[in-house]
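Worksheet: one structure, shown below.
The values are calculated or read from the model by the stated rules, or taken from the named source; none is laboratory data. Note that this is a predicted model, so its numbers are computed, not measured. Backbone-built Cβ (ideal geometry, glycine too); neighbour counts: all protein chains shown.
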Amino acid sequence: MPELPEVETVRAGLDALLPGRSVASVTYNNEKSFPNAPSDVNVFLIGASVTAVKRRAKVLLIELSSDYSLVIHLKMTGQLVFIARDTRFGAGHPNDSLVGQLPDKSTRVELSFKDGSKLFFNDQRKFGWVRLVPTAEVPNIDFMRKVGPEPLDPAFTAEVLASRLQRRKNTSIKAALLDQTVVAGIGNIYADESLWGAKIHPATLVRDVSNQKLRTLFTEVQYVLRLAIEKGGSSDRNYVNAEGKKGSYMSFARVFRREGLPCPRCDAIIIKIRVAGRGTHICPREQKLPKIH
DNA sequence: CACTTGACCTGTCCGC
DNA sequence: TGCGGACAGGTCAAGT
């Protein structure tokens, strides 16, 4: 599922719902989804309360009063859905429709709070995980040490993007954009969307992309990510936010999953190809491979 | 070191 | 309706 805009949408939702709630119990049915020592869970999770919900790259960080954090990666199909204790809040409560729907067969972790509300970690494909880590140690996790800058951070500029992409100068621009050590948070949807915006063929080698195109790409990356956050992310298949609702960016997508439909700029028919081992959507008229001599 | 490919899982869709 | 294969929004570990 989730790239930066989806994870950010979940983060914002959880940050409005969780702080102040204290954990009563946790159950899980899959060791890989919750690879934590029971002794740590008993001491640092049970009884702790949520202080804040943060995000770095595609990783969610639920900070606890015990100075531990739940570090969560949703990978392809992970969901985090919060449900209040029952429907007695009355019609219109955001989670009314979900009461009784969870847990289901893809529920991997169920976190119960003392007030009766629950947080469900659902993950059809079991790639995702929830790890309990000392908050001070979070920056030392392998992934955190290696991950690149946040693309919407004010310190992230066109020059920073260009210079970091050059670390992968002999690979395709799409593979470089997807590389989390180059820049954080971009996945298959927003790579395709921003390369279309910059009119760059995704298979172009980084070294063959002009400085001018790289500047345009920087602008497009930020535009696409900001728009997607505003729209609550993309729900192509599994993604839902903290209230179990889908995001609407897919109806604004220009190329992703639009093969066979006209390019919004030039009406040429969008095609789907394979680049960097991933399904890739392009306008064949506007995104051409440069001729190399 | 840089780069590519397969593996991790379950579910769905598409062609025969 | 069934069956096999390809594919799905992400990362790792291996291989070259």
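General remarks:
- All positions within region A:266-279 that are near DNA strand C (Cβ under 9 Å from one of its atoms) and over 16 Å from A:Val206 (Cβ atoms): A:Lys272, A:Arg274, A:Gly277, A:Arg278, A:Gly279
- Count - residues of region A:192-211 that are assigned to a helix (DSSP H, G or I), in contact with an Asp or Glu (Cβ under 9 Å, 6 or more places away or on another chain) and buried (at least 21 other Cβ atoms within 10 Å of the Cβ): 4
- Taking the criterion of being under 13 Å from the mean Cα position of the chain (by Cα) and β-branched (Val, Ile, Thr), the residues of region A:55-85 that qualify are A:Val59, A:Ile72, A:Thr77.
- Residue match in region A:173-190 (condition: away from DNA strand C (no atom under 14 Å from the Cβ) and surrounded by fewer than 24 Cβ atoms within 10 Å (Cβ to Cβ)): no
- Meets criteria (out of contact with any Gly (no Cβ under 9 Å at 6 or more places or on another chain) and more than 29 Å from A:Ile62 (Cα to Cα)) for A:Leu195: yes
- In region A:228-239 there is no residue that is at pLDDT 95 or above, farther than 23 Å from A:Leu14 by Cα and of a type outside the set (A, V, I, L, M, F, W, C).
- When A:Arg257, A:Arg265, A:Arg285, A:Arg274 are checked against the criterion of being of a type in the set (Lys, Arg) and under 19 Å from the mean Cα position of the chain (by Cα), A:Arg257 stands alone in meeting it.
- Contacts under 7 angstrom Cβ, first residue in region A:267-293 being modelled with pLDDT of 95 or more and of a type in the set (Ser, Thr, Tyr), partner surrounded by 13 or more Cβ atoms within 10 Å (Cβ to Cβ) and assigned to a loop (DSSP other than H, G, I, E, B), 6 or more apart: A:Thr280/A:Pro202
- Among residues of region A:243-261, those that are touching a strand residue (DSSP E or B) at 6+ places or on another chain (Cβ under 6 Å) and modelled with pLDDT of 95 or more, counted: 3
- Residue under evaluation A:Leu165, criteria (1) surrounded by 19 or more Cβ atoms within 10 Å (Cβ to Cβ); (2) in a helix (DSSP H, G or I); (3) within 15 Å of the chain's Cα centre (by Cα); (4) not β-branched (Val, Ile, Thr), criterion not met: (3)
Residue-wise test of (1) surrounded by fewer than 22 Cβ atoms within 10 Å (Cβ to Cβ); (2) free of Cβ contacts under 8 Å to residues at least 12 places away in the same chain; (3) away from DNA strand C (no atom under 16 Å from the Cβ); (4) not in a loop (DSSP other than H, G, I, E, B).
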site: A:Arg215; (1), (2), (3), (4): yes, no, yes, yes
site: A:Tyr223; (1), (2), (3), (4): yes, no, yes, yes
site: A:Ala228; (1), (2), (3), (4): no, no, no, yes
site: A:Asn238; (1), (2), (3), (4): yes, no, no, no
site: A:Arg257; (1), (2), (3), (4): yes, no, no, no
site: A:Pro264; (1), (2), (3), (4): yes, yes, yes, no
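- For A:Ala158, the criteria (1) surrounded by fewer than 21 Cβ atoms within 10 Å (Cβ to Cβ); (2) within 15 Å of the chain's Cα centre (by Cα) hold in every case but one, which is (2).
- Restricting attention to region A:240-255 and to residues that are without any contact (Cβ under 8 Å) to a residue 40 or more places away in the chain and hydrophobic (A, V, I, L, M, F, W, C), the residue that is surrounded by the fewest Cβ atoms within 10 Å (Cβ to Cβ) turns out to be A:Phe252.
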